[in-house]
1. Please arrange THR155, THR251 by how many other C-beta atoms lie within 10 Å of their C-beta, fewest to most.
2. Please give me the summed charge of the neighbours of GLN284: other residues whose Cβ is under 9 Å from its Cβ, Lys and Arg +1, Asp and Glu -1.
3. Fewest to most neighbouring Cβ within 10 Å: what's the order for ARG287, ARG146?
4. Rounded, prolate or oblate: which fits the range 229-297, taking a ≥ b ≥ c as square roots of the Cα gyration tensor eigenvalues, rounded meaning a/c under 1.5, else prolate when a/b beats b/c?
5. Going by C-beta contacts inside 10 Å, put PHE195, PHE265 in order with the fewest on the left.
6. Highest first, please rank the peptides 331-344, 157-170 by the mean number of other Cβ atoms sitting within 10 Å of their residues.
7. Tell me the net charge near LEU142. Cut-off is 15 Å between Cβ atoms, LEU142 excluded, with +1 for each Lys or Arg and -1 for each Asp or Glu.
8. Counting only DSSP beta bridges with both residues in the range 112-254, what percent are antiparallel, rounded to the nearest 5?
Amino acid sequence: MRRLWLLFAQTVTVGLAVLFIVTTLKPEWASGISSSAHKVRSTSSVPMLEAPLSAAPTQGSFRDATRLAMPSVVNIFTSKTATPSQNPFMDDPVFRKFFGDRFDEQQEKQVSLGSGVIVSAQGYILTNNHVVEAADEIEVALADGRKAIAKVVGTDPETDLAVVKIDLDNLPAITLGHVETAKVGDVVLAIGNPFGVGQTVTMGIISALGRNHLGILDAFENFIQTDAAINPGNSGGALIDANGNLLGINTAIYSRSGGSLGIGFAIPVTTVKSVMDAIIKNGQVVRGYIGVEPQDITPELAESFGLKKSNGAIIAGVLKGGPADKAGMQPGDILVSVENHPVTDMADMLNQIAQLSPGQKASIIVLRRNQENTLNVTIGKRPKAPPRPVE
């Protein structure tokens, strides 16, 4: 019993000594604990240390980029009236006598959703043409909870872009980035409203630049490819860089199931800006046109034509009476230069000619029997693309 009491007394003495050192002398390790952690919660039954709010790590975080860009991304809700196909018996007077209006056409309202990006404090919003195409009503919901009815300013089906406008004050316009400085491997963020769940941010990298020949658009394909998750409802939303600047408008995905497989495509901001400016200024996009049917030069065609390089575009057909025909262009010519700018392939040729103004005289170089010929072509106005069928 005496030994137990002595052991207890020694333990108490040691404990008091340690307590004196911690509370009075305050060595560095003790002061470090007290400064780097909050006091334990009095409401918790288990003592826990909590880091102060200011100690939250920011390295590797994209909170600043999303904070800047998210207010500029809106949800777009469109509705259109769909008329069911007419019943074959509706014109039969016998059936109408017995069934009355039962076979009358009924108007059904279809609702779809997408995303958009505020690009101007004046209320201009960029989105995809397929988001607002054939819509009877367009409603825009802002990140701050405000809603407004939007009017279509203009559309450009050939790039799948559209500009709509709302009348609200204090609109947070996004900052346009510089896609020409972007590189494969750069971090990007996609912002939109996938599946209608609400504004969502996903992260990825730029997987490729200048993607074309995908069959998404008829003529002018020049996409940023990314593995940031893009799903239905993201169309028209923003693809931003790590600083929150707009790099592109999310447009399409490659998918076998309808969901993201890590292959998404965005229209680069350079195309977006030129189309937007043209629509706001003229209500439409006017492009140059020479009236030819081009195709890419395959290795087999290059060999058959005796070409050392496969650069350029083969003219498979020339529209009779068109600008190229009047300038003397012929089927079989290989178009290699437009206004002293080399042509790499068919897509590049179409893009270069589209940027020329109707009425402008352009110098176009073609190879004919391996001889260069310079043609002076008066650029025409590209006709409007036929509307796509609406399901």
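Every number here is computed from the coordinates shown, using simple stated rules; none is lab data. Keep in mind it's a predicted model, so treat the numbers as computed, not measured. Every residue, glycine among them, receives a Cβ derived from its backbone with ideal geometry; neighbour counts consider all protein chains shown.
1. Ranked by crowding around the Cβ, least crowded first: THR155, THR251.
2. Combined, the nearby Lys, Arg, Asp and Glu give 0.
3. ARG146, ARG287
4. Here the range 229-297 falls in the oblate category.
5. PHE195, PHE265
6. The peptides rank, most packed first, as 157-170, 331-344.
7. -1
8. 95 percent
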